[in-house]
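Report on the following structure.
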Amino acid sequence: MNTRGVSQLKGALVMMAVLTLTLAVAGVAYAEEAQAGQQAGASAGMLGLAAAIAVGLGAIGTAWAQSRIGAAAAGAIAERPEMGGLMLVFLALPETMVILGFLVAFFLIGNI
């Protein structure tokens, strides 16, 4: 496996670990909320942390993807200028990760 494949594999493993961490934080918050006699502040703090992780890491992933797509798009447009519109669509596709991060955050904050 070449070094680019190894770095992509490492990136995928990091993103999976981050997703697992986000789900674990949200799960702990929901478990604390379900227990009787617990303070509501700790549960709200954990849900807020999970929401921040969802938005922040979605933004980081989007920036990473767009940096690679932008470089490839610049090369493709230099060779074939008629592909500009298609490259613009490809550059906008990773924005869905941020939108989904916001959606998860709104669902989590709605439970605080």
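Regarding the range 62-72, can at least one residue be identified that is under 27 Å from Gly110 (Cβ atoms), at pLDDT below 85 and surrounded by 11 or more Cβ atoms within 10 Å (Cβ to Cβ)? No - not one qualifying residue is present in the range 62-72. Summed over the range 13-57, residues that are charged (D, E, K, R) and at pLDDT 80 or above total 0.
Selection of the range 81-112 for residues being surrounded by 12 or more Cβ atoms within 10 Å (Cβ to Cβ) and not in a helix (DSSP H, G or I) yields Leu93, Pro94, Asn111, Ile112.
The values are calculated or read from the model by the stated rules, or taken from the named source; none is laboratory data. What you see is a predicted model, and the numbers here were worked out from it, not measured in a lab. Every residue, glycine as well, gets a Cβ built from its backbone with ideal geometry; the counts of neighbours run over all protein chains shown.
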